[in-house]
1. What is the spin-label model distance, in nm, from residue B:86 to residue A:157 if the labels are put 7 Å beyond Cα along the C-beta direction?
2. Work out, step by step, the length gained on full extension between residue A:215 and residue A:201: first 0.36 nm times the residue separation, then minus their alpha carbon distance; give nm to one decimal.
3. Pull out a ≥ b ≥ c, the square roots of the eigenvalues of the alpha-carbon gyration tensor of segment A:187-299, then state rounded if a/c is under 1.5, prolate if not and a/b is larger than b/c, and oblate in the remaining case.
4. Ignore the peptide's own chain and count Cβ atoms of other chains within 10 Å of each Cβ in A:260-268; give me the average, rounded.
5. From the Cα gyration tensor of segment B:168-241, with a ≥ b ≥ c the square roots of its eigenvalues, which class applies: rounded if a/c is under 1.5, or else prolate if a/b is larger than b/c, or else oblate?
6. With the cut-off at 1.5 for a/c, could you classify segment B:87-240 from its C-alpha gyration tensor as rounded, prolate or oblate?
7. Could you pull the Cα extents of the protein assembly as shown along its three principal axes, largest to smallest, in whole Å?
8. For the Cα atoms of chain B, what angle does the longest principal axis make with the long axis of helix B:217-228, in degrees from 0 to 90, nearest 10?
């Protein structure tokens with residue numbers, strides 16, 4: 001019997017993602033991949049995977065999945081959500097597990113992830129990963145072109161996601177101190193490549209204003225609402241050129257759009273600036289209505305920030321530690337169980 | 001010719017810009033640099049994406065820096081004018097019947113030509129694949145005569161059928177799959193332009209030359225059935241130069 005997770009309810013927009021599909025942009029293939037690659041890596045680290053193994057990206061509202069494997073180790077990192085494990089056939093009351101912590105689930109148990117808070121996305125990683133063939137070198141889902149992931153689309157009820165590993169490895173569960181997911185006070189940008197298509201006043205507006213994230217944002221681009229940017233006499237149309245991760249394109253209405261994981265490879269609107277790579281994961285976490293302001297930095301600063309983020313991720317990987325359950329301080333339970341058994345255990349330990 | 005400019009696109013991409021027009025000379029230099037860059041195998045370069053007038057070099061800031069990359073690319077800019085871009089020559093069958101070429105009559109009206117002239121001029125002009133973009137496998141073809149310098153449609157279609165051949169701004173695109181789109185649809189090809197089972201999955205590549213072979217509706221339907229049975233294989237007619 002193959003090991004799998006069965007989708008009971010899919011959540012709002014749950015897709016399989018990894019670190020993306022670079023190498024095919026010259027054929028028009030977007031890179032895709034996890035929006036918040038810090039939380040994505042954390043989820044993988046918690047279940048003992050390599051950092052780039054495909055995991056489920058959950059947006060806003062999590063899925064409910066039933067375990068069709070002897071056991072499976074999972075972890076959820078990113079936005080916080082109520083994560084409940086219901087026993088088979090709803091027997092018993094179930095248990096609640098914590099994000100940023102690994103957990104082992106057994107056959108028939110049902111994992112239910114609720115509404116996210118603190119971030120627009122969270123990642124559900126499984127030990128060993130999903131047994132889904134990569135397309136063009138990646139498991140990432142690009143729904144627009146139906147490439148990769150599970151049948152090229154977001155999950156639906158009754159989908160069966162095969163697991164590479166039939167059962168969870170025997171080991172202790174681990175925990176990560178939650179990474180600081182707070183958005184930066186100012187998102188750092190490098191001006192260009194077409195900042196010369198804007199008036200000096202428009203560049204001042206961009207750096208001095210606060211924008212808010214529009215509801216019309218998706219994995220392709222984050223649309224911003226706020227003061228429009230005025231184009232110079234050169235206008236907003238350019239002869240199409242390449243688009244980078246974080247490119248801020250400004251169409252005729254003057255409102256910036258930050259291009260994210262599923263961005264098109266080329267485009268014909270001018271791009272005033274590019275968000276630096278170190279600040280991209282925090283953008284992926286922003287929910288509609290979130291406020292966002294920008295600060296211009298030089299390219300050396302941006303590259304140094306990329307190295308800093310890599311070293312922060314390495315430090316995070318090194319900070320994984322076994323879960324230690326705090327002693328319960330409920331007085332009644334202390335009297336009923338812990339006090340007595342604790343004495344016995346202490347003695348037993350000494351005799352062994 | 002003006003020397004190319006280096007422009008930053010954040011800390012993961014560097015733009016090498018040769019100009020701001022759609023122009024075969026500019027495009028030849030972009031494609032020549034793309035070929036030299038690929039051969040050079042520079043450390044930290046993830047991939048390079050040629051467009052009409054610039055090359056976007058995507059890089060990993062943990063492995064290189066924009067400063068080092070500019071130093072490494074500068075010597076590659078020598079002698080690009082003389083480079084000849086090798087490409088394949090294709091003749092792509094397409095049906096211009098009004099049931100598939102949804103805007104043929106409208107384009108005829110806008111260009112002042114009759115529909116047969118539109119078909120003749122569009123199909124017989126050798127068009128260059130300047131770049132691929134927008135969708136996986138979608139080519140931007142340039143070189144149509146001036147009558148085809150049309151603005152995009154005022155009301156873009158929500159769904160352009162797969163295989164549609166469409167024009168605007170003296171260029172053509174072919175939609176490899178159903179997609180929204182604002183160009184004027186002249187024809188439809190039964191040939192798949194994108195097949196994930198193939199390596200590379202895109203039929204066309206920047207630098208290729210394309211003409212179209214007009215099909216009757218019946219020929220189109222037969223070829224479409226062959227394509228559905230995986231029995232339609234289009235091979236290039238040759239190479240250029």
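Readers should treat all values here as calculations from the given coordinates under stated rules, not as data from a laboratory. This structure is a prediction, so every number in the text was calculated from the model and none was measured. Every residue, glycine among them, receives a Cβ derived from its backbone with ideal geometry; neighbour counts consider all protein chains shown.
1. Here the modelled spin labels are 5.6 nm apart.
2. Details: separation 14, 0.36 × 14 = 5.04 nm, distance 2.71 nm.
Fully extending the segment from residue A:215 to residue A:201 adds 2.3 nm.
3. Details: a/c = 1.40, a/b = 1.21, b/c = 1.16.
Because its axes are fairly even, with a/c under 1.5, segment A:187-299 counts as rounded.
4. The mean count of partner-chain Cβ atoms within 10 Å per residue comes to 4.
5. rounded
6. Numbers: a/c = 1.42, a/b = 1.31, b/c = 1.08.
Since a/c stays below 1.5, the shape of segment B:87-240 is classed as rounded.
7. Sorted largest first, the three principal extents are 97, 56, 43 Å.
8. Orientation of helix B:217-228: about 50 degrees from the principal axis.
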